[in-house]
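Q: Before I ask anything, here is the structure I am working with.
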Amino acid sequence: MNKVSRHEFFRRLAELDPHPVTELQYSSPFELLVAVLLSAQATDASVNKATPRLFAVANTPENMLALGQDGLESYIATIGLYRSKARHLLQTCRILIDRHQGQVPPSREALEALPGVGRKTANVILNIVFGEPTIAVDTHIFRLANRTGLAPGKDVEAVEQKLLKVVPAEFRQHAHHWLILHGRYVCKARRPECWNCVVNDLCDYKAKELVPPKGR
Ligand code: SF4
């Protein structure tokens with residue numbers, strides 16, 4: 001995909017959804033950090049089912065710690081890997097209190113030092129909470145970047161670096177939201193809905209199906 005096509009790719013996604021937002025439900029930076037940590041290898045929908053009850057009793061690091069491992073597990077047991085996520089979350093709360101006055105820190109280094117918080121989670125927090133033009137590459141973005149020719153790379157870090165280089169500056173702030181939503185709802189893993197895709201003339205995917213299957 002060339003420079004002109006990439007610009008047009010994002011221009012169209014931006015036109016469809018000028019103010020994209022995460023589908024995770026939250027009402028503070030701490031709640032977002034918790035939700036993103038819980039969403040690793042789980043769907044946003046499964047996290048959104050559990051967090052309203054959890055946040056009603058624990059929406060600060062202090063309250064979360066007070067739940068303890070068993071108490072916290074009882075709220076998130078429907079989410080994959082909940083035991084290790086509960087353990088990491090409690091360790092993270094301890095560090096937030098001891099080193100960051102109970103606040104979510106604004107630096108990548110401090111975020112990635114929190115248990116259960118990797119580069120992707122740090123990118124989401126830096127982007128949504130602190131307004132940095134980071135690009136958090138998840139499974140949808142990795143697939144889409146390679147399939148479309150937008151930013152091919154052998155692993156998520158390579159794709160992230162390529163995207164940071166090739167996404168036009170004016171679209172960088174929201175790029176990861178547009179790509180995630182496009183990957184989740186149109187450019188799906190098993191059968192991309194190319195017939196229903198606003199960028200199908202710009203995309204390099206060789207096996208595009210431009211006619212909808214019967215019944216669609
Ligand atoms: S044309 Fe198909 S493969 Fe390309 S971005 Fe659209 S849905 Fe994905």
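Q: Would you confirm whether any residue within the stretch 7-16 is closer than 30 Å to I76 by Cβ, surrounded by fewer than 16 Cβ atoms within 10 Å (Cβ to Cβ), more than 12 Å from the chain's Cα centre (by Cα) and at pLDDT 95 or above?
A: Quick first cut of the stretch 7-16, residues closer than 30 Å to I76 by Cβ only: none.
Taking every residue of the stretch 7-16 in turn, none turns out to be closer than 30 Å to I76 by Cβ, surrounded by fewer than 16 Cβ atoms within 10 Å (Cβ to Cβ), more than 12 Å from the chain's Cα centre (by Cα) and at pLDDT 95 or above.
Q: Collect the residues in the stretch 129-141 that are buried (at least 21 other Cβ atoms within 10 Å of the Cβ) and either in contact with an Asp or Glu (Cβ under 8 Å, 6 or more places away or on another chain) or among the aliphatic types (A, V, I, L, M) (or both), keeping them in residue-number order. First the steps, then the outcome.
A: Looking only at the stretch 129-141, we keep the residues that are buried (at least 21 other Cβ atoms within 10 Å of the Cβ), and these are 134-137, 141.
Passing the criteria: I135, A136, V137, I141.
Q: Hey, could you check the stretch 183-195 for residues that are more than 7 Å from the ligand (Cβ to nearest atom) and part of a helix (DSSP H, G or I) and say which is surrounded by the most Cβ atoms within 10 Å (Cβ to Cβ)?
A: Step one: list which residues in the stretch 183-195 are more than 7 Å from the ligand (Cβ to nearest atom), which gives 183-185, 188-191, 195.
Next, from what is left, pick out any that are part of a helix (DSSP H, G or I): 183-185, 195.
On the way: G183: 22, R184: 17, Y185: 11, W195: 14.
Checked the stretch 183-195; the qualifying residue surrounded by the most Cβ atoms within 10 Å (Cβ to Cβ) is G183.
Q: I've got another one for you. Considering the stretch 1-38 alone, what residues qualify as being polar (S, T, N, Q) and in contact (Cβ under 8 Å) with a residue 24 or more places away in the chain?
A: Matches in the stretch 1-38: S5, T22, Q25, S27, S28.
Q: (1) under 16 Å from the mean Cα position of the chain (by Cα); (2) touching a residue at least 40 places away in the same chain (Cβ under 8 Å): which one isn't true of V156, the others all being true?
A: For V156, the exception is condition (2).
Q: For the stretch 198-209, indicate whether the set of residues that are exposed (fewer than 14 other Cβ atoms within 10 Å of the Cβ), free of Cβ contacts under 8 Å to residues at least 12 places away in the same chain and within 18 Å of the chain's Cα centre (by Cα) is non-empty.
A: no
The values are calculated or read from the model by the stated rules, or taken from the named source; none is laboratory data. Quick caveat, the model's predicted, so the values are computed rather than measured. Virtual Cβ from ideal backbone geometry, glycine too; neighbours counted across all protein chains shown.
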